[in-house]
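Have a look at the structure below before the remarks.
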Amino acid sequence: MDPSTSAGTANKEFLLEYRQLGKHFDSGHASMQALRDLNFGVRRGEFVSVVGPSGCGKSTLLNLAAGLMFPSSGEVMYGGASVRGINQQVGYITQRDNLLPWATVYDNIVLGLKIRGVGREAQRRLADEFISMVGLKDFVKHYPSELSGGMRKRVSMARTLIYSPEMVLMDEPFSALDAHVKLVMHAELLRIWEADRKTILFITHDLTEAITLSDKVIILSSRPATVKLVVDITLPRPRDAFALQTSPEFHSLFATLWGALKSDLSPHVIG
Ligand SMILES: Nc1ncnc2c1ncn2[C@@H]1O[C@H](COP(=O)(O)OP(=O)(O)O)[C@@H](O)[C@H]1O
Ligand SMILES: [Mg+2]
């Protein structure tokens, strides 16, 4: 068993499970409740998106899954055991890409392999595979400052996927991209994901993105966040990110999810 987790009541249905989760932050004299009575699970091989108002506790959920912080009440279970330390089984693509500015695209991408002591030859072979997967063959010697926002996201995806974590946590990875670059990234992520179906927990505030990519979408309430609605996205795969948006099923899912989300958005956001 991984030393970062300890035995709890195993539920083999889920790879990651939040159980009756509560999280508050204490800062000096004030205490702030971010999450309350929150329950949901992510099955092995499932792509689950979480959508919720800004500041409701979405990034906190990922930090808890990664073992970077711990619950105030309830439990975070991973692989049937409670997360009690850094969770080595997950790859975490944080909202800011955190690329090393002084390292080339190649060196940024093989960083995780180097840390894990993978040999040079294997590093090169895997790098070739993942660099072509994300379409960066012509940019291996470039530095992050020489790349567009979309390219930087590709580097951070390759950098995480290359060491093959069991599960990938993605925190609003495409939120800073232009609408058309985002669509291209959706198509790429669908292609990559549909090839090997890793377990993914994906945070977004974009309903279109959530429907396009996911098997299941979870809507959170405003803070303290709890699960408001869970919707299975049964649109057939492989999916075409472009064609999907004209389908009646897509519009009906959007209407359902928007109905749950809108009442928790502040009036000036909805306009
Ligand atoms: N380490 C922390 N210390 C204190 N407060 C925090 C910390 N992390 C998050 N928060 C607070 O918890 C709330 C939820 O934060 P976060 O999970 O980042 O929201 P979201 O990702 O949904 O925008 C926010 O009010 C934020 O300020
Ligand atoms: Mg966040």
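In a fully extended conformation the segment linking E194 and W102 would gain 29.8 nm over its present Cα-Cα distance, using 0.36 nm per residue. Counting only heavy atoms of the protein chains and using a 1.4 Å probe, M32 has close to 70 Å² of accessible surface. The trypsin sites (Lys or Arg not before Pro) of the range 136-190 meeting both criteria, a DSSP state outside H, G, I, E and B (loop) and at most 12 other C-beta atoms within 10 angstrom of the site's C-beta, are K141. Summary value for the range 11-84: 42 percent relative contact order, contacts being C-alpha pairs under 8 angstrom separated by 6+ residues. Charge dipole of the range 99-165 (Cα centre as origin; +1 on each Lys and Arg Cβ, -1 on each Asp and Glu Cβ, all else neutral): 120 debye, rounded to the nearest 20.
Run the 1.4 Å probe and let me know the accessible area of T256, rounded to the nearest 10 Å². For T256, solvent-accessible area is about 70 Å². Among beta bridges from DSSP that stay inside the chain, the antiparallel ones total about 55%.
The chymotrypsin sites (Phe, Trp or Tyr not before Pro) of the range 85-188 that meet both conditions, a loop assignment by DSSP and at most 14 other Cβ atoms within 10 Å of the site Cβ, are W102. Using a probe radius of 1.4 angstrom, the carbon and sulfur fraction of the accessible surface of the chain is 54%. Taking every alpha-carbon pair under 8 Å whose residues sit at least 6 apart, the chain reaches a relative contact order of 25 percent. Which value results for Rg/Rh of the range 54-212 when Rg is the Cα radius of gyration and Rh the Kirkwood radius based on the inverse mean 1/r? Rounded to two decimals, Rg/Rh equals 0.96.
State to the nearest 20 debye the size of the charge dipole of the chain about its Cα centre, where the only charges are +1 on K and R beta carbons and -1 on D and E beta carbons.
Roughly 360 debye for the chain.
Scaled against the 2.2 N^0.38 Å expected of a compact globular protein of N residues, the Cα radius of gyration of the chain reads 1.02. Using only C-alpha atoms and all pairs of different ones, pull out the Kirkwood radius for the range 99-165 in Å with one decimal. 11.6 Å is the Kirkwood radius here. Between D232 and S73, the FRET efficiency from the beta-carbon distance, with R0 = 25 Å, is close to 0.35.
Since only I109, S164, S145 are under comparison, the one whose Cα sits farthest along the positive direction of the charge dipole of the range 99-165, derived from C-beta charges on Lys, Arg, Asp and Glu, is S164.
Once the C-beta distance of S27 and R125 is scaled by a Förster radius of 45 Å, the resulting FRET efficiency is 0.40 to the nearest 0.05. Electrostatic tally near K114: other residues with Cβ closer than 15 Å to its Cβ, Lys and Arg +1, Asp and Glu -1, net +3. Positive-end ranking of Y18, Y78, G259 along the dipole of the chain, with charges on Cβ about the Cα centre, is headed by Y78.
For the range 42-199, a simple Cβ point-charge model (Lys and Arg +1, Asp and Glu -1, everything else neutral) yields a dipole of about 240 debye relative to the Cα centre. Accessible surface comparison of L183, L62, probe 1.4 Å, protein chains only, largest first: the order is L183, L62. Only helices enter the 222 nm calculation for the chain: every DSSP H run of n ≥ 4 contributes -39,500 (n - 2.57), and dividing by all residues gives -10000 deg cm²/dmol, rounded to 500. In this structure the chain gives 47 Å² per residue of accessible area when probed at 1.4 Å with all protein chains present. Projecting the Cα atoms of A241, M185, L68 onto the charge dipole of the chain (Cβ charges, centred on the Cα centre) puts L68 farthest toward the positive pole. Go through K153/K182; K58/K262; K141/K198; K153/K198 and tell me which ones have a Cα-Cα distance over 21 Å in this structure. Cα-Cα > 21 Å for K141/K198; rest within.
The values are calculated or read from the model by the stated rules, or taken from the named source; none is laboratory data. Note that this is a predicted model, so its numbers are computed, not measured. Using ideal geometry, Cβ is built from the backbone for each residue, glycine included, and neighbour counts are taken over all protein chains shown. SASA here: full protein model, heavy atoms, side chains in, ligands and nucleic acids out. Shrake-Rupley method; radii C 1.70, N 1.55, O 1.52, S 1.80 Å.
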